[in-house]
Each structure stands twice: as structure tokens, then as C-alpha cells.
Amino acid sequence: MPLLSPLKGEVGALIKDNQVGLEYGESLSLYCCIQSLISDNKLQKKISSNSKKLYEEKFEFNMVYNGMVDHLEHMAIKKNDR
């Protein structure tokens, strides 16, 4: 699913850097973004493929969960060392 967002900062960079959607706002309207996706099957497929790849690499449950467990364990060890 393509992300259409007016957000800047980290969210905007995530969308732009990974080519998982389109940013609207000052230079491009939401309407234009939607029209681009409707009229360009290649763009739809590219964004879809990039979105799936990003999800699997950064946001898939097991990766997020295991990373969080590691982080919490590290914090607990650090606290006990004080």
C-alpha cells in the first residue's frame, strides 16, 4: 500500500528514502499523488514492492519484538551495574 503523507522529518525521509509512497504539500497536491498512482501501474508496483521490502526489513513483528527484548534486557543489565 503506498503511503501518501504531508509529513516532513523522519516520516517524510522514510517514505522518500525507501520510495514507499509520495509526499504531498507545497509542490504536489494529494489529488495529484492519487492521480499519479491511478494512472501509473509501474509506479504502483514499484511502491508496493518497496513497501513490502521495507516492512520485512524494519517492521516485521519478529524483528521488532526481538529488537525490543534485546533493548530492554540491555537496559536492565545497565541499571543493575550501577
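Some values worked out for this structure:
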{"item": "Backbone HN-Hα couplings from phi across the range 50-58 [Karplus 6.51/-1.76/1.60, Hz, Gly and Pro as x]", "result": "5, 5, 5, 4, 4, 4, 5, 7, 10"}
{"item": "Pairwise Lys count, the chain - Cα closer than 20 Å, eight or more residues apart or different chains", "result": "13"}
{"item": "Option label - Cα Rg over 2.2 N^0.38 Å computed here, alternatives (i) 1.51; (ii) 1.09; (iii) 1.77", "result": "(i)"}
{"item": "Mean ellipticity per residue at 222 nm, deg cm²/dmol - from DSSP H runs of n ≥ 4 across the chain, formula -39500 (n - 2.57)", "result": "-21500 deg cm²/dmol"}
{"item": "Rounded accessible area per residue of the range 1-57, 1.4 Å, Å²", "result": "74"}
{"item": "Net charge over other residues, Cβ less than 13 angstrom from the Cβ of residue 62 (K, R count +1; D, E count -1)", "result": "-3"}
{"item": "Apportionment of accessible area to carbon and sulfur, the chain, percent (1.4 Å)", "result": "58"}
{"item": "Excluding exposed DSSP-loop GluC sites (Glu not before Pro) (at most 13 other C-beta within 10 Å), longest clean stretch of the chain", "result": "27-59"}
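The values are calculated or read from the model by the stated rules, or taken from the named source; none is laboratory data. Keep in mind it's a predicted model, so treat the numbers as computed, not measured. Backbone-built Cβ (ideal geometry, glycine too); neighbour counts: all protein chains shown. Keep in mind that these areas ignore ligands, DNA and RNA; they rest on the heavy atoms of the full protein, side chains included. Shrake-Rupley method; radii C 1.70, N 1.55, O 1.52, S 1.80 Å.
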